[in-house]
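The values are calculated or read from the model by the stated rules, or taken from the named source; none is laboratory data. Since the structure is predicted, the reported quantities are computational estimates derived from the model, not experimental observations. Neighbour counts run over all protein chains shown; Cβ positions are idealised from the backbone, glycine included. Surface accessibility is based on the protein's heavy atoms, side chains included, excluding ligands, DNA and RNA. Shrake-Rupley method; radii C 1.70, N 1.55, O 1.52, S 1.80 Å.
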Amino acid sequence: MGNIRITKLFSFETGHALYGYDGKCKNVHGHSYKLSVTVFGQPIKDNTHVKFGMVIDFTDLKKIVKEEIVDVFDHATVFNKNTPHVELAKELQDRGHNVLLVDYQPTSEMMVIDFAEKIKMRLPKSIELHSLKLQETESSYAEWYASEN
């Protein structure tokens, strides 16, 4: 048996603003993100194993991505903590809003890099992260491939 890739799709709603940007995205706005997570490995060969024939149980992959990404970012507003947006973030937090302050400009490109690191840390040793695709709009997305990083 060889390596097999499996993919699970996720969706979440997140707001953000790009400080210093020269277009409309400098304003606080949101997206309905779609995240495709592809991992690879060999299916379990032990026919007495409860997960026989699986690379990873989709439920186990779902748990990792939900805990690390979806549950954290869904219905949150993300700001770069190294910008004046921290003042707005504090105001929103004081009013009970879910705000995330990150070390990067919250673009799809930087978010997908962050997501890859978080997911890789949680995968079983026999499973590797192959790629991520973070779709921000119907026609715009960022991709991360392990082979290129």
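Estimated from helical segments only, the mean residue ellipticity of the chain at 222 nm is -6500 deg cm²/dmol, where each DSSP H run of four or more residues counts as -39500 (n - 2.57). Each Lys and Arg Cβ is given +1 and each Asp and Glu Cβ -1; about its Cα centre, region 1-79 then shows a dipole of about 240 debye. Amide H contacts for residue 104 (H built 1.01 Å from N in the peptide plane; partners 5 or more residues away or on another chain; cut-off under 5 Å): 81.
Of the listed residues 114, 22, the order by accessible area with a 1.4 Å probe, largest first, is 22, 114.
Over the C-alpha trace of the chain, radius of gyration and Dmax come out as 17.5, 59 angstrom. Can you find, among 33, 104, 14, the residue farthest towards the positive end of the dipole of region 1-120? Put +1 on the C-beta of Lys and Arg, -1 on that of Asp and Glu. The one lying farthest along the dipole's positive direction is 33. Contact order, relative form, for the chain: 27 percent (alpha carbon pairs under 8 Å, 6 or more residues apart, mean separation divided by residue count). A simple rule links phi to the HN-Hα coupling: the Karplus curve 6.51 cos²θ - 1.76 cosθ + 1.60 with θ = phi - 60°, which for region 110-118 gives 6, 5, 5, 5, 4, 4, 4, 4, 5 Hz, with x for Gly and Pro. Stokes-Einstein diffusion of region 35-122 at 25 °C, 0.890 mPa s viscosity, Kirkwood radius from Cα pairs, rounded to a whole number: 160 µm²/s. About its Cα centre, the dipole of the chain is roughly 420 debye, where the only charges are +1 on Lys and Arg Cβ and -1 on Asp and Glu Cβ.
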